[in-house]
Amino acid sequence: MKLATRIALAVGATVPVLVLAAGWLLLLLVAHDLHAEQDAHLRERADAAAVNARQLLRVTAADRPAAVEQARERQLYAFGLDVGIRLTGPHGTVSGGPQPDASVPLPMRARTPVTVEDGARSWRVLSVRLQGSRPGVRGTLWLFSPDTASKDQLALVRRRVVTVALLAAVTSGLMALAVASRAGRPLRRLQQRTSGLDPRVDAARLDHTRTGVIEVDDLARTLQTVLARYDEQAARTTEALTTARSFAAAAAHELRTPLMSMQTNLEILAHHPDLASADRDEVLGDLQAEHARLLGLLVMLRELGRGDLVEADAFGPVDLTEVIDASVADARRRCPTAEITVPVMPRLSVHAWEPGVRTIIDNLLANALVHGRSGDGRARVELGLRAGGHPTGSTAVLTIDDRGPGILPSQRDAVFHRFERGPDSPGSGLGLTLVAQQTALHTGRVRIQDCPGGRGTRIEVRLPVRDSRQTDIPLPAERDWLITTAGRPQGFHKDGS
């Protein structure tokens, strides 16, 4: 059923109810006014007849001649005119004019007019108590007025109210249908525009011009928001699928070499059961190293995928000092011979994704422990954390220094590329890629510098420090570090591979 039809039916049903309610109130008011007019007439006649009624009671009490008594009765009825009169006293009752049957009970005291029913007829009744100065001169004067005139008028008003209600039902329904149809035109136009939209095959979106109808404009904005969210989610789904394909391609390419090496070593063990102990130990060592490399590669690829797909609601307050302490403790357990120095650091909190911040610190430490060994073969690493300035606000500056051979300036950008690693590196070539990804995800900056102490490398990461109340921080529009890293195409893996 159309909305205009629903409105027409609702109005067509509501208006007669309102008309009947107003008619009922009108009936009450008309009845009140008619009774008030009739009651005023009764009071007027009662005031005029009361004097003659007292005189008749005195004549009756004094036992005057019948002629005198009849004359007083005629005078009493003359004052009553168009109302009925009944006078009761110690010596009997006299009555005249229209009035209810004598068997109808009357209220003993009706100082204000009341209604009395006499079968099918009703009467307005007023009683006046009479009290004279002489003993025996007392009684009650009743005045009656037929209520038929008011009933006829009320019946007429009632019929007209019902007639108006029936006419109002039809008229208001048709008018409501016409008005609702005209008022619904903006909604129909919006429906026609939206019915032709298909986000799956067409990039066109709802182009709405403000109509001035608040509900229609709000609905149009809601539809635009829904379509925008659809586009956003569709883009995120496409990114997720592309990330998955890239993950599969990268894993297939990178796993091929270690798997072939492991296959070769396994064949050696299978076909040479009498292999010398030293050779067997060497083969097993190669197998363990390749297994660790495979496991590390899969973990790194998984972390890259998580960073590309993380959403803004995963961000929150992160205490950098606590994350650094936890990461250093794990690094010391993995490499107990390394010398890791952590000076006293200020407590800095950033609005960040905690697993991403932990990934930055873990991979910087792992890179420094592997490549930052000094001449004696021992890894020496020093961490630092301080507050720094920035054109757009304050930053948290994290530095990691090592005592390794350093990195040439011409190679400092390349180390962040995906699968970029040195010839003797046991890693996957994704550690510093993860650092660059998470830094970009947090709208920060990472760069490689010479170590201030001379020999070695310093890697500096700057993360913006934001107000804890600032939670609507947009993420980078493009997050495709697993697909293309630092401007390198997906097909790039390693030089010479």
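The values are calculated or read from the model by the stated rules, or taken from the named source; none is laboratory data. It should be emphasised that the depicted structure is a prediction, and the values quoted were computed from it without experimental measurement. Here the Cβ is made from the backbone with ideal geometry for all residues, glycine too, and neighbour counts use every protein chain on show. When the accessible area is computed, the model is the full protein with side chains, heavy atoms only, and any ligands, DNA or RNA have been set aside. Shrake-Rupley method; radii C 1.70, N 1.55, O 1.52, S 1.80 Å.
Within segment 95-125, how many residues are farther than 21 Å from ARG43 by Cβ, in contact (Cβ under 8 Å) with a residue 12 or more places away in the chain and of a type in the set (A, V, I, L, M, F, W, C)?
1
Looking only at residues in segment 128-150 that are among the aliphatic types (A, V, I, L, M) and closer than 17 Å to HIS35 by Cα, which one is modelled with the highest pLDDT? So that I can check it myself, show each step before the final result.
From segment 128-150, those among the aliphatic types (A, V, I, L, M) are 128, 130, 137, 141, 143, 149; that's our starting set.
Now drop any that are not closer than 17 Å to HIS35 by Cα, which leaves 143, 149.
Numbers: LEU143: 85, ALA149: 55.
Once the filter is applied, the top-ranked residue is LEU143.
With the structure loaded, tell me whether ARG45 is over 30 Å from LEU166 (Cα atoms) and modelled with pLDDT of 75 or more or whether it fails that test.
Values: over 30 Å from LEU166 (Cα atoms): yes; modelled with pLDDT of 75 or more: yes.
So ARG45 passes the test.
LEU348 versus (1) surrounded by fewer than 18 Cβ atoms within 10 Å (Cβ to Cβ); (2) farther than 16 Å from ILE448 by Cα: which is the lone unmet condition?
In the conditions (1) surrounded by fewer than 18 Cβ atoms within 10 Å (Cβ to Cβ); (2) farther than 16 Å from ILE448 by Cα, LEU348 misses (1) alone.
Quick one: in segment 77-98, of everything that is under 12 Å from SER145 (Cα atoms) and open to solvent by 40 Å² or more (accessible area, probe 1.4 Å), which residue is modelled with the highest pLDDT?
PRO98
Okay, residues lined up against (1) touching a His at 6+ places or on another chain (Cβ under 8 Å); (2) surrounded by 14 or more Cβ atoms within 10 Å (Cβ to Cβ); (3) at pLDDT below 75; (4) under 30 Å from LEU187 (Cβ atoms):
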position	(1), (2), (3), (4)
LEU206	no, yes, yes, yes
GLU232	no, no, no, yes
ALA235	no, no, no, no
SER261	no, yes, no, no
GLU267	no, no, no, no
SER277	no, no, no, no
ARG280	no, yes, no, no
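Just checking, which of VAL157, VAL125, VAL170, VAL162 is on the phi < 0 side of the Ramachandran plot and at pLDDT below 80?
Details: VAL125 fails: at pLDDT below 80; VAL170 fails: at pLDDT below 80; VAL162 fails: at pLDDT below 80.
Answer to the check: VAL157.
For every residue, the table says whether it meets (1) at pLDDT 90 or above; (2) open to solvent by less than 10 Å² (accessible area, probe 1.4 Å).
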| position | (1), (2) |
| --- | --- |
| ASP325 | yes, no |
| TRP353 | no, no |
| ALA368 | no, yes |
| ARG380 | no, no |
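Among the residues of segment 409-427, is any in a strand (DSSP E or B) and modelled with pLDDT of 80 or more? If you could, list the steps in order and put the result at the bottom.
Restricting attention to segment 409-427, the residues satisfying the condition of being in a strand (DSSP E or B) are none.
Checked against the condition, which is being in a strand (DSSP E or B) and modelled with pLDDT of 80 or more, segment 409-427 yields no hits at all.
When you scan segment 329-374, how many residues do you find that are hydrophobic (A, V, I, L, M, F, W, C), under 27 Å from ILE407 (Cα atoms) and without any contact (Cβ under 8 Å) to a residue 24 or more places away in the chain?
Total satisfying the criteria: 1.
Filter segment 4-33 down to residues that are open to solvent by less than 30 Å² (accessible area, probe 1.4 Å) and either of a type outside the set (A, V, I, L, M) or under 28 Å from THR88 (Cβ atoms) (or both), then give me how many there are.
So the answer is 3.
Pull out all pairs, ordered by first then second residue, where Cβ-Cβ is under 7 Å, the residues are six or more apart or on different chains, the first lies in segment 221-248 and is of a type in the set (S, T, N, Q), and the second is in a helix (DSSP H, G or I).
THR243/GLY305; THR243/ASP308; THR243/LEU309
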